[in-house]
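Below: one structure, written as C-alpha cells.
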Amino acid sequence: MDTNGKVALITGAASGLGAATARRFVAAGMRVVLVDRNRDGGAALAAELGEAAAFAVADVTSEPELTAAVGTARERFGALHVAVGCAGIGTATRTLSKSGPFPLDLFRLTIDVNLIGMFNTVRLAADAMQANEPGPDGERGVCIMTASIAAFDGQIGQAAYSASKGGIVGMTLPIARDLSKLGVRVVTIAPGLFDTPILQGLPAEARAALAASIPFPARLGDPPEYAALAQHIVENRMLNGETIRLDGALRMAPR
C-alpha cells in the first residue's frame, strides 16, 4: 500500500512504540488518529504532529469508545486504511508465590487489555476498511498487531503476559484468512526488549544488563525501529498472516 494520503489509527499512541509509529507515518505522508487513555500525552503528540493528526481518548477494551475512535478517522480524514495496535500492559507474578496463587483478576485484566483489546481494535478497524475502494491486488487495508517474544520465550512470572501475547500470535493467521476476501492484510510484530516507558523505569544497571543479553545489536531496541517495520508491512503487500520477531536474535532465559 502506498502510504501517501492514507489514514492510520494507532492505539497506545501517546508514548513508546505507538508514538514512534505515528511520527513515522506522518513523515511518510499519512494522517493518523492517535488513540490512548493518556489525555495529556495524546494531546501533546497530536499538537506536535499538527493537522495530520487527531487524538481520540479511548480504552481498547471498550466497544463504544473504540467505535468512536474509528469514527473519528472517517469523520476527520474520510477513511481508515491502516490500524496498528500498540496498547498493552505488562504483569509479572508467579503462578504460586509466598503470598498465594496468582490473583485471578490480574490474569483476566491482562488478557482483557492485551488480547481482547487487540481483537477489538482489529475487528472494528476492518469493518471500516471494507468500505474503501480497492487498490492494487484488491487491497483495502492493513492491520498490524503487537505481540512480544514473551509469546514464545515467556519468563518466570509471565504466565498472564505470555498467554495474552501468545493469543495474538495464535489469532494472526485466522484473522488474515477471515479478512482475505475483503483485501485486508493482518501482520503481527513480536518485539524483544525495547526502550519504552516500561523499561525506562528500571535502574541503569538493570537496563544495561538487559541490553547486554541481546546478541546483536547488544542494546535495547529503539521505537523508531519498530515504526520502520510497521511502515514496511504497510508497503509490502506480500506480508500477510505472519508474525515477525524484532528482537536482535534474543531468546529469553527463564528469568
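Which of the residues that make up the stretch 93-132 are of a type in the set (K, R), under 27 Å from T67 (Cβ atoms) and surrounded by 13 or more Cβ atoms within 10 Å (Cβ to Cβ)?
Once the filter is applied, which keeps residues that are of a type in the set (K, R), under 27 Å from T67 (Cβ atoms) and surrounded by 13 or more Cβ atoms within 10 Å (Cβ to Cβ), the stretch 93-132 yields only R123.
Is it fair to say D137 is at pLDDT 95 or above, assigned to a helix (DSSP H, G or I) and on the phi < 0 side of the Ramachandran plot?
Here the answer is no, as D137 does not meet what is asked.
Considering I244, I233, which residue is at pLDDT 95 or above, among the β-branched types (V, I, T), touching a Leu at 6+ places or on another chain (Cβ under 6 Å) and surrounded by 15 or more Cβ atoms within 10 Å (Cβ to Cβ)?
I233
Only one of (1) outside any strand (DSSP E or B); (2) in contact (Cβ under 8 Å) with a residue 24 or more places away in the chain; (3) under 20 Å from G12 (Cβ atoms) is not met by I189, so which one is it?
It fails just one condition, (1).
Test each condition in (1) among the polar types (S, T, N, Q); (2) part of a loop (DSSP other than H, G, I, E, B); (3) in contact (Cβ under 8 Å) with a residue 40 or more places away in the chain for N4 and report the one that comes out false.
Only one criterion in (1) among the polar types (S, T, N, Q); (2) part of a loop (DSSP other than H, G, I, E, B); (3) in contact (Cβ under 8 Å) with a residue 40 or more places away in the chain is unmet by N4, namely (3).
Scan the stretch 170-194 for residues that are of a type outside the set (F, W, Y), touching a helix residue (DSSP H, G or I) at 6+ places or on another chain (Cβ under 7 Å) and under 20 Å from G16 (Cβ atoms) and report the count.
Result for the stretch 170-194: 6.
May I ask you to list pairs of residues, at least six apart or on different chains, whose Cβ atoms are under 6 Å apart, with the first in the stretch 42-70 being closer than 23 Å to V122 by Cβ and of a type in the set (D, E, K, R) and the second being at pLDDT 95 or above and in a helix (DSSP H, G or I)?
D59/E65
Which numbered condition in (1) among the charged types (D, E, K, R); (2) more than 24 Å from F25 (Cα to Cα); (3) in contact (Cβ under 8 Å) with a residue 24 or more places away in the chain is the only one that D222 fails?
It fails just one condition, (2).
Which one of these does A227 not meet: (1) in a helix (DSSP H, G or I); (2) at pLDDT 95 or above; (3) under 17 Å from G90 (Cβ atoms); (4) of a type outside the set (D, E)?
(3)
Considering each of A160, A83 in turn, give the residue that is buried (at least 24 other Cβ atoms within 10 Å of the Cβ) and within 17 Å of G12 (Cα to Cα).
Result of the check over A160, A83: A83.
When you go through (1) free of Cβ contacts under 8 Å to residues at least 60 places away in the same chain; (2) basic (K, R); (3) part of a loop (DSSP other than H, G, I, E, B) one by one for R207, which number turns out not to apply?
Every listed condition holds for R207 apart from (3).
When the residues of the stretch 177-211 are narrowed to those that are under 19 Å from the mean Cα position of the chain (by Cα), closer than 30 Å to N240 by Cα and surrounded by fewer than 17 Cβ atoms within 10 Å (Cβ to Cβ), which ends up modelled with the lowest pLDDT?
For the stretch 177-211, the residue satisfying everything is I198.
Give the residue, chosen from I175, I144, that is part of a strand (DSSP E or B), of a type in the set (A, V, I, L, M) and either touching a Phe, Trp or Tyr at 6+ places or on another chain (Cβ under 7 Å) or touching a residue at least 24 places away in the same chain (Cβ under 8 Å) (or both).
On inspection, the qualifying residue turns out to be I144.
Does any residue of the stretch 152-162 turn out to be small (G, A, S) and touching a Leu at 6+ places or on another chain (Cβ under 7 Å)?
Yes, because at least one residue in the stretch 152-162 is small (G, A, S) and touching a Leu at 6+ places or on another chain (Cβ under 7 Å).
The values are calculated or read from the model by the stated rules, or taken from the named source; none is laboratory data. None of these values were measured; they are calculated from a predicted model. Glycine gets a Cβ as well: all are built from the backbone with ideal geometry, and neighbour counts include every protein chain shown.
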